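These notes are about the structure you will find just below.
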């Protein structure tokens, strides 16, 4: 008996959630006239900190070597057995 009541309660909660989702979706839906419209806002301007500069034509460093070298221990990729 409890199983049938639980199933009925769960079905009621699910149906209520589906109705609530449909109502919220309908209330927040945009009409085709409203979709994609832009409001008249302030003009976009560049701030005072913006500077124009040309991109460098050549990379500053083309090859980097590590500042410290070390010998790998035996058995770590040095070809030893």
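The values are calculated or read from the model by the stated rules, or taken from the named source; none is laboratory data. This one's a predicted model, so the numbers in the text were calculated from it and none came from an experiment. Positions of Cβ are generated from backbone atoms using ideal geometry, with glycine treated the same way; all protein chains shown enter the neighbour counts.
Just one of the listed residues (28, 6) is at pLDDT 80 or above and loosely packed, with under 10 Cβ neighbours inside 10 Å, namely 28.
Considering 41, 75, 14, the condition of being in a loop (DSSP other than H, G, I, E, B) and modelled with pLDDT of 70 or more is satisfied by 75 alone.
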